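These notes concern the structure reproduced below.
The values are calculated or read from the model by the stated rules, or taken from the named source; none is laboratory data. For clarity, every value in this text was computed on a predicted model and none was experimentally measured. A quick note on method: Cβ atoms are made from the backbone with ideal geometry, for glycine too, and the neighbour counts reach across all protein chains shown. The area values use the complete protein model at the heavy-atom level, side chains included, leaving out ligands, DNA and RNA. Shrake-Rupley method; radii C 1.70, N 1.55, O 1.52, S 1.80 Å.
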Amino acid sequence: MSALELAGVGFSYGPRRALEQVAFELDAGSFTALLGPNGAGKSTLIALLTRLYDLQQGEVAVCGHSLRREPRKALAKLGVVFQQSTLDLDLSIEQNLRYHAALHGLPGRLANARIERELERQQLSPRRKDKVRLLNGGHRRRVEIARALLHEPRLLLLDEASAGLDPASRDGLNLHVRQLCREQAVAVLWTTHLLDEIQPEDRLLVLHQGRIIANGCAASLSERQVGGLAGTFARLTTCA
Ligand code: ADP
Ligand code: MG
């Protein structure tokens with residue numbers, strides 16, 4: 001079963017069209033990059049998938065659950081790291097995680113076990129008592145990933161998770177998420193406007209002015225384009 005399925009998704013902010021006929025499927029446990037210049041509609045798509053905005057047109061299903069008809073079941077399968085951090089800087093790492101576990105209604109013991117596990121996985125255990133304010137950008141993102149995984153979603157959405165990080169932290173986070181995807185068999189949708197975060201073997205979706213204009217293996221898409229993917233993307237970005 002697909003981790004995510006979109007058909008005919010459209011969205012407007014008043015008269016401004018932000019998404020048009022967006023359709024794609026993500027396989028369970030797969031890593032997919034969604035590449036698009038600023039303003040392409042990436043965050044709007046994430047807002048629709050997480051139900052921050054109501055669907056206007058089209059259908060979305062998460063692990064087979066319709067976002068319209070079974071929103072609770074659909075959202076239970078989904079974890080998200082938003083473009084803008086939503087951590088409480090004055091709470092510790094552990095307190096931030098505990099708060100989220102409570103929001104998801106995880107009973108105390110289960111919450112403790114999951115928090116332990118995610119802290120280990122994100123290599124944050126030694127810093128669990130530190131206030132988030134003391135952490136660098138890369139570690140803050142790891143706290144958000146830990147938080148997004150507490151309720152064991154089958155699909156993890158990351159919206160420009162590496163934006164604002166220095167190049168080494170950016171690479172580190174990208175590799176970390178790929179490893180997570182492989183080892184935990186969680187499907188990942190990684191949005192970015194940076195071509196260098198994409199590897200040749202990646203499944204790639206290119207979003208431009210609200211439309212999916214390419215969908216396939218990054219390497220084969222690149223071969224079909226004059227100037228490779230970099231050339232195509234540069235042209236898109238300059239005309240965006
Ligand atoms: P991205 O995340 O790819 O940079 P967004 O989804 O943020 O793109 O934006 C897509 C388009 O929708 C852009 O043209 C942007 O200006 C517009 N947009 C985004 N948010 C709003 C909003 N709250 N009100 C009106 N227009 C918006
Ligand atoms: Mg955005």
(request) State the three equivalent ellipsoid semi-axes of region 141-190, derived from the C-alpha gyration tensor as the square roots of 5 times its eigenvalues, in descending order and whole Å. (result) 18, 11, 9
(request) Could you check how much of the accessible area of region 1-80 is carbon and sulfur, as a whole percent, using a 1.4 Å probe? (result) 47 percent
(request) Order the peptides 57-63, 192-198, 12-18 from the highest to the lowest mean number of other Cβ atoms within 10 Å of their residues. (result) 57-63, 192-198, 12-18
(message) Quick check for you: with a 1.4 Å probe and neighbouring chains kept, what is the accessible area per residue of region 1-131, in Å²?
(response) 51 Å²
(message) Quick check on region 71-182: what are the equivalent-ellipsoid semi-axes from the Cα gyration tensor, as sqrt(5λ), descending, whole Å?
(response) 21, 17, 13
(request) Beta carbons within 10 angstrom, averaged per residue: use that to sort the peptides 169-175, 29-35, highest first. (result) 29-35, 169-175
(request) For region 1-102, go through all pairs of different Cα atoms, get the mean of 1/r, take its inverse, and jot down that Kirkwood value in Å. (result) 15.1 Å
(message) At a threshold of 8 angstrom on Cα-Cα distance, excluding pairs fewer than six apart, so keeping six or more, what relative contact order does region 1-105 reach in percent?
(response) 26 percent
(request) Go ahead and estimate [θ] at 222 nm for the chain from helices alone: -39,500 (n - 2.57) per DSSP H run with n ≥ 4, summed, over the residue count, rounded to 500. (result) -11500 deg cm²/dmol
(request) Could you size up the charge dipole of the chain around its Cα centre, putting +1 on the beta carbon of Lys and Arg and -1 on that of Asp and Glu, and report it in debye to the nearest 20? (result) 580 debye
(request) Using every pair of alpha-carbon atoms in the chain, split the distances into 10 Å bins beginning at 0 and state the percent of pairs per bin, rounded to integers. (result) 7, 31, 36, 20, 5, 0
(message) To test your reading of the geometry: what angle, between 0 and 90 degrees and rounded to tens, separates the Cα axis of helix 228-239 from the longest principal axis of the chain?
(response) 90 degrees
(request) Mind giving me the FRET efficiency for residue 175 and residue 112? R0 is 35 Å, r the Cβ-Cβ distance, nearest 0.05 is fine. (result) 0.75
